[in-house]
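In what follows, a structure is listed as structure tokens, so that the remarks can point back to it.
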Ligand SMILES: [Zn+2]
């Protein structure tokens, strides 16, 4: 039985086009220079110390859901563990969570992918669109 695009005798692609069609593509991962603490797995959390910290739990903003208070702190104070819709976790400050301008916020990986999509859209159509449209 013959497979389309294959040289049956040698089991190699018949020509360059066939090779391109059956190739698996490139392995690609986003560049690892994140602005915030960024993790594929849940980040360590602790119990909220007061009602103010408790009030932000479960809040949704942009693509994020606030899961809990982070064990780690930054120099300003409390950080929260937030999960993006893509499943990655990041630390966010209470100020970032409450900021109404962060209504379209997303994790660093999602923003990086959106910037690549925006660039590809520009290459293909010659039109520049807002990066948030590609989230
Ligand atoms: Zn994400």
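Computed quantities for the displayed model
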{"quantity": "Qualifying residue in region 94-112 (condition: assigned to a helix (DSSP H, G or I), within 11 Å of the ligand (Cβ to nearest atom) and touching a helix residue (DSSP H, G or I) at 6+ places or on another chain (Cβ under 8 Å))", "calculated": "yes"}
{"quantity": "Counted residues, region 68-93 - those being within 17 Å of the chain's Cα centre (by Cα) and part of a strand (DSSP E or B)", "calculated": "8"}
{"quantity": "Residues located in region 65-93, provided they are farther than 17 Å from residue 55 by Cβ, in contact with a helix residue (DSSP H, G or I) (Cβ under 9 Å, 6 or more places away or on another chain) and surrounded by fewer than 16 Cβ atoms within 10 Å (Cβ to Cβ)", "calculated": "76, 85, 86"}
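Readers should treat all values here as calculations from the given coordinates under stated rules, not as data from a laboratory. Model, not experiment: these values are computed from the prediction. Backbone-built Cβ (ideal geometry, glycine too); neighbour counts: all protein chains shown.
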